[in-house]
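The next block holds one structure in the form of structure tokens; read it before the comments.
Computed from the coordinates by the stated procedures, all read-outs in this text should not be read as laboratory data. For clarity, every value in this text was computed on a predicted model and none was experimentally measured. Neighbour counts run over all protein chains shown; Cβ positions are idealised from the backbone, glycine included.
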Amino acid sequence: MTPTQPIIVWFRDDLRLSDHPALHEAASRGVPVTCLYVLDEESRALKPPAARPLGGAARWWLAQSLRALGNDLATIGGSLVLRKGPAASAIAALAREANANAVFWNDIAQAPHQAVAGDVEAALASNGISSQILPGDLLVEPKAIRNKENRGLRVFTPFWRRVQGLGDPPKPLPAPKKLISVPGIASEAVSDWALEPTRPDWAGGLRESWRPGEAAAQAQLKAFLDDGISGYSGDRDRPDRDGTSRLSPHLRFGEISPRQVWHAARFAAAEHPRLVGNVDKFLSELGWREFCRHLLFDVPDLADRNLQAHFDGFPWKRDAKALKAWQRGRTGYPIVDAGMRQLWHTGVMHNRVRMVVASFLVKHLLIDWRAGEQWFWDTLVDADAGSNPANWQWVAGSGADAAPYFRVFNPILQGEKFDPDGGYVRRWVPELTRLPDNLIHQPWTATPIELASAGIELGKTYPQPIVDHKQGRERALAAYAKIRGKD
């Protein structure tokens, strides 16, 4: 590579300037840098395991994040080139246009991404162009956490101990202060890619709820560590409170790195020792993301296959009507319906409620966890290829370190315990607003006079429960007993 030949930095799920190893390395060379994002919806189908097409909510987020990244690059003299097509051919073509002699990118330790990256590396090599791949997606690379059989760990607690035992990850890298751009490089426009819904435009709630981009991610982390972390251990389970970090979609799209979150949280604990317990709990949630990513590294078909094979014989029910009622937040169980409506409007759902609604689908309704995982994949702005299926399999009892299948969440008790004043339900199920607190989580127990005074007509203004809790639980346990008897 001659001193003046440019370097291409290929952005993927790392839409940020700071702690971006590939960008940092390229900028340090003092040569022109072309920043590239490729919308590759073709390579994923070329060979298994296929990368999943983004869901609708994630596509909306991607559009906003790319605009933010482009603006951020412009402030330091750079620009973002957008191309659509197979990554290998698109990147090789851009390298020829820019007269680049090297392409840098951050590794993503997932089989589909690595398969595409391998194709890119081969295409570049055939054109005499070098590649440099740097770690930037995880706290610890999967190869560093293996058992005696050289497999990844399947239980979270020993996994997390191993990660922590390796000490702090490397400190985050600063963003480049200045880039030298390559003039005259054509770029497509985000608006050309139809990432955002138009007819109908269902993204109003997403726009109302979120500000994608690196600046927003950093601001959210700071606000959480300044104000929210002190009550995190308890408040994180309360959907009626603003007790979570709200960082998950920013992490999903790499607008902030796990190393940045780790070090900022550790700094907060060092500055304020009273926060240590809450910080440790918060970092364990970051550890769960890491655990799921490592699991996906070993099990690329995590979204399709039961990790515990005896679940392959589970007698799931096909019930399109019940599935639709669940998707639309019309089950008759207020905490479930509130969660599903929050998801549809904002693209996220509170963590505790995610477990409740997943348990309800899989156990009360006996609907295959994959149907729920697919719905979440399409409607979550933080839909993550590791966490989403791993969490669903955890609830279903079929996954790694899974909850036992016979742990059936009672949606009434869960609501009463974690939304005791009904604030969460009233926010997302407004037709129940006038019910008193002691009835808000089980409106079917209200007297006719109580329902009338609250303006509720069960079966019309709000549905009756689509399944009785006790009967649903017994049916679930009976179904599980059948597959256990075959072991």
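List of remarks:
- Selection from Pro142, Phe311, Val279 lying farthest towards where the dipole of the chain points positive, charges on Cβ: Phe311
- Order by protection proxy (mean Cβ within 10 Å, highest first), peptides 144-153, 159-168: 159-168, 144-153
- Mean separation of Cα contacts under 8 Å (6+ apart) over length of the range 376-468, as relative contact order %: 14
- In this structure the amide hydrogen of Ser181, modeled in the peptide plane, comes within under 5 Å of the amide hydrogens of Val33, none closer than 5 places in sequence on its chain.
- Here Ala481 and Ser453 are evaluated by their C-beta separation; at R0 = 51 Å the FRET efficiency comes out at 0.70.
- Where labels lie 7 Å past Cα in the beta-carbon direction, separation of Glu271 and Asp201 in nm: 3.9
- With 0.36 nm allotted per residue and the present C-alpha distance subtracted, the Ala219-Lys317 stretch has 30.8 nm of extension available.
- Student exercise, the range 309-482 dipole from Lys, Arg, Asp, Glu Cβ charges, in Debye to nearest 20: 360
- Subtracting the Cα-Cα distance of Arg52 and Gln164 from their residue separation scaled by 0.36 nm leaves 37.2 nm.
- Note: relative contact order over the range 7-136, using C-alpha pairs below 8 Å and six or more positions apart, is 34 percent.
- In order along the range 18-25, phi translates into HN-Hα couplings of 8, 6, 10, x, 5, 5, 4, 5 Hz, rounded to whole numbers, per the Karplus curve 6.51 cos²θ - 1.76 cosθ + 1.60 with θ = phi - 60° and x for Gly and Pro.
- Taking the range 186-258 and dividing mean pair separation by its residue count, relative contact order in percent (alpha carbons under 8 Å, at least six apart): 28
- Dipole of the range 7-89, positive end: most advanced residue of Ile7, Ala63, Ala22 [Cβ charges, Cα centre]: Ala63
- Restraint check, Lys143/Lys222; Lys324/Lys363; Lys321/Lys363; Lys417/Lys470; Lys281/Lys482, Cα-Cα greater than 26 Å: Lys143/Lys222; Lys281/Lys482
- Between amide H atoms placed 1.01 Å from N, distances below 5 Å from Val9 occur with Thr34, Cys35, Leu36, Phe104, all of them 5 or more places distant or on a separate chain.
- Residues Glu214, Glu97, sorted so that the one with the fewest Cβ neighbours within 10 Å comes first: Glu97, Glu214
- For the range 378-389, 3J(HN,Hα) per residue [Karplus equation, 6.51 cos²θ - 1.76 cosθ + 1.60, θ = phi - 60°, Hz, x = Gly/Pro]: 7, 10, 8, 6, 9, 4, 10, 5, x, 5, 4, x
- Segments 180-186, 356-362 sorted - mean Cβ within 10 Å per residue, highest first: 356-362, 180-186
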